[in-house]
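Written below as structure tokens is the structure these notes are about.
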Amino acid sequence: MRSRVDGTIGPSTYIQRYPADTFGGFPLAGFPDTPTGYDFVCTFRWRTCSTRPSARDRRSIKIASDESPTSDLTTGMHSRQRRAVDPREFNVPVIVLSHRAPITFRDDSGVRRARRGAGGLVTALVGLAGQLNDAVWVCAATTDEDVVVAREFKDSTFHIDMTGEPRFTDANDSDALEIRLVEVDQAAHDDFYGVIANPMLWFVQHGLYDLTYSPNIGQRERDAFDHGYVTVNHVFADAVVREVEQRGGRALVMLHDYHFYLVADLVRKRCPDVVLSHFVHIPWPGPDAWRVLPPEMREQLLYGLLGNDVVAFHTERFARNFLLCAQELLGLPINLDKMTVEVGPRTVTARTYPISIDVDALIKTASSKAVRNRLDDLEQWLVADDAKLIVRVDRTDPSKNIVRGFLAFEKLLDDHPELVGKVRFLAFLQPSRLDVPEYAQYVADIGSVVARVNARHTKHGDAPIDLRLHEDFPTAVAAYSVCDVVMVNSLADGMNLVAKEAVSVSRRNAVLALSENTGAHEELGAFAVTLYPFDIQQQADALYEALTMAPTKRRELREAAAAIVRSNDVAKWLSFQLADLSEITGLWS
Ligand code: G6P
């Protein structure tokens with residue numbers, strides 16, 4: 001099949017990404033338009049281009065494809081250049097490190113209860129660790145009962161089974177995950193988590209500071225960095241080193257997120273034969289954003305990360321920003337074609353792997369009894385009132401832009417009074433990080449905007465916003481499957497898995513209203529109504545467009561988005577990383 005990038009032959013059938021060199025070194029160009037009306041759409045990576053090709057150049061690109069569309073359907077960056085490695089055949093020992101544990105314990109009147117750790121990162125890493133033959137997951141003991149468990153298994157690991165309700169198991173269980181829970185001194189952890197990682201690094205990386213007033217960095221913050229962040233990174237580096245040594249000094253160490261930027265360098269110094277990668281799950285802004293931090297802090301963070309062989313991100317933009325930081329803030333030579341930085345004799349590579357979900361597992365959950373029960377309630381309401389449903393699912397994090405989302409909804413009702421009583425906004429908001437003052441204040445702000453909108457627009461006793469401040473995954477999945485619009489309007493978001501979950505289980509062709517500032521927008525933006533997260537009027541108009549979109553268009557967009565998510569699932573996220581790590585480092589072969 002031959003097709004042109006800008007052909008207008010029929011309805012769009014699929015999306016394809018090609019590596020840059022498919023076109024003989026043609027500068028990487030974007031194809032930003034919506035695919036409607038195209039029979040074949042191709043998007044390109046931006047990585048090495050400094051200027052976009054002209055429309056005439058783009059028109060001249062011809063794409064040859066003899067493969068079946070679905071077999072080659074992918075949005076993974078330069079997927080054709082990449083070998084995928086089957087994790088089950090990967091025989092190198094792997095040590096995974098994240099702050100969040102897959103399991104967390106509490107003492108319920110003398111009975112130990114276990115529950116799954118919160119957040120999308122845990123879901124992804126459970127998939128990652130579960131697929132590997134020999135993996136141990138090092139993570140933090142965060143509850144009192146976690147600490148009791150950590151002490152019981154002091155200096156050793158234990159096994160859990162996460163396939164159903166999380167439970168202890170033994171190493172012979174084929175579903176066993178090996179865990180090392182690490183206890184950290186409470187005061188050091190408070191500074192690490194509550195002063196540096198969550199307020200400071202999270203705020204810098206999501207652009208949340210109102211720079212006129214914050215941050216105010218003083219001795220308190222410097223101490224929290226030196227005796228909290230640095231200390232806790234040393235504690236976890238020690239735990240990783242112990243696991244490496246038990247494996248004869250050779251292992252692949254996969255570090256995760258902003259809690260542990262210093263670990264790689266510490267581990268490399270003590271275990272020179274390891275291969276290290278660090279996945280940054282949140283945005284990485286350009287050098288100017290990092291200038292908010294004192295030079296000694298930002299330089300330590302950067303040099304810590306440069307202890308890795310590969311530093312990985314969800315999007316090309318974040319990876320490029322990272323290299324620019326190394327160049328501008330540390331004066332190191334970088335190569336934006338190869339996406340590398342030279343650190344003395346070593347070369348560190350920045351790579352891109354958009355994280356995803358386990359589609360089959362989610363579909364299984366969507367058809368579970370728990371979800372079906374919740375569906376009945378929602379469907380009754382929808383059918384009875386011929387109503388429409390907007391859904392959002394988030395942690396109560398300022399980066400999620402929840403307050404502006406409700407302001408946009410209020411504007412929608414103001415502009416379209418005929419929708420009052422017809423549209424309900426169901427918001428599942430899981431309280432998060434309430435020990436950080438800005439987060440506690442944000443929950444209060446959410447409460448007050450919801451109270452105002454509901455007071456202004458309640459009709460026949462029905463309030464338009466149904467706010468649920470707790471985690472209820474089955475109801476969230478039920479809501480995904482019957483809603484008309486899913487709203488994701490983050491200010492900044494590394495990826496956002498809600499967008500991927502919702503399009504995968506929607507049964508009413510939900511329209512995705514998706515912030516341009518999410519990593520997910522790079523993959524799914526062409527099949528979403530884009531939201532500009534600071535523009536209330538635009539978001540209100542976009543919600544209206546989504547709610548009133550013609551059924552055929554809704555179906556077309558939703559199916560294309562779901563196909564992308566299915567073809568680029570979490571298994572690919574891992575297998576591409578393993579392939580690259582093997583190729584880049586040789587992994588001792
Ligand atoms: C984000 C971060 C994760 C974090 C999660 C939940 O997804 O990338 O590292 O675990 O939020 O946040 P919490 O502070 O509750 O662990």
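The values are calculated or read from the model by the stated rules, or taken from the named source; none is laboratory data. Just so it is clear, the model here is predicted, and its values are computed rather than measured. Note: ideal-geometry Cβ built from the backbone for every residue, glycine included; neighbour counts use all protein chains shown. These area figures cover heavy atoms from the full protein model, side chains too; ligands, DNA and RNA do not enter into them. Shrake-Rupley method; radii C 1.70, N 1.55, O 1.52, S 1.80 Å.
Is there a residue being away from the ligand (no atom under 16 Å from the Cβ) and in a strand (DSSP E or B) anywhere in the range 131-149? Checked the range 131-149: at least one residue is away from the ligand (no atom under 16 Å from the Cβ) and in a strand (DSSP E or B).
List the residue pairs whose Cβ atoms are under 6 Å apart, where the first residue sits in the range 516-539 and is on the phi < 0 side of the Ramachandran plot, the second is of a type in the set (Asp, Glu) and open to solvent by less than 40 Å² (accessible area, probe 1.4 Å), and the two are 6 or more positions apart or on different chains. Listed by first residue and then by second, the contacts come to Thr518/Asp493.
Looking for something open to solvent by less than 10 Å² (accessible area, probe 1.4 Å), assigned to a strand (DSSP E or B) and farther than 16 Å from His159 by Cβ - is there at least one such residue anywhere in the range 97-116? Within the range 97-116, one or more residues are open to solvent by less than 10 Å² (accessible area, probe 1.4 Å), assigned to a strand (DSSP E or B) and farther than 16 Å from His159 by Cβ. Evaluating Asp223 against the criteria (1) without any contact (Cβ under 8 Å) to a residue 60 or more places away in the chain; (2) crowded, with 19+ Cβ neighbours inside 10 Å; (3) closer than 30 Å to Cys271 by Cα leaves one unmet condition, (2). Counting only strands (runs of 3 or more DSSP E) that fall entirely inside the range 261-353 and contain at least 1 residues that are at pLDDT below 95 and within 16 Å of the ligand (Cβ to nearest atom), no element qualifies. Which residues, counting only those in the range 160-189, are assigned to a strand (DSSP E or B) and buried (at least 17 other Cβ atoms within 10 Å of the Cβ)? Within the range 160-189, Ile160, Asp161, Thr169, Ala176, Leu177, Glu178, Ile179, Arg180, Leu181, Val182 qualify. Of all residues assigned to the range 116-126, none qualifies as being in contact with a helix residue (DSSP H, G or I) (Cβ under 9 Å, 6 or more places away or on another chain) and away from the ligand (no atom under 16 Å from the Cβ).
For Phe192, indicate whether it is outside any loop (DSSP other than H, G, I, E, B), within 16 Å of the ligand (Cβ to nearest atom), of a type in the set (Phe, Trp, Tyr) and within 22 Å of Thr143 (Cα to Cα). Spelling it out, Phe192 is indeed outside any loop (DSSP other than H, G, I, E, B), within 16 Å of the ligand (Cβ to nearest atom), of a type in the set (Phe, Trp, Tyr) and within 22 Å of Thr143 (Cα to Cα).
In the range 234-260, of all residues being in contact with a strand residue (DSSP E or B) (Cβ under 9 Å, 6 or more places away or on another chain) and assigned to a loop (DSSP other than H, G, I, E, B), the one that is surrounded by the most Cβ atoms within 10 Å (Cβ to Cβ) corresponds to Ala251.
State whether the residues of the range 422-434 include one that is open to solvent by 60 Å² or more (accessible area, probe 1.4 Å), out of contact with any Pro (no Cβ under 6 Å at 6 or more places or on another chain) and within 16 Å of the ligand (Cβ to nearest atom). Yes, there is a match, as at least one residue in the range 422-434 is open to solvent by 60 Å² or more (accessible area, probe 1.4 Å), out of contact with any Pro (no Cβ under 6 Å at 6 or more places or on another chain) and within 16 Å of the ligand (Cβ to nearest atom).
The number of residues in the range 511-528 being open to solvent by less than 10 Å² (accessible area, probe 1.4 Å) and outside any helix (DSSP H, G or I) comes to 7.
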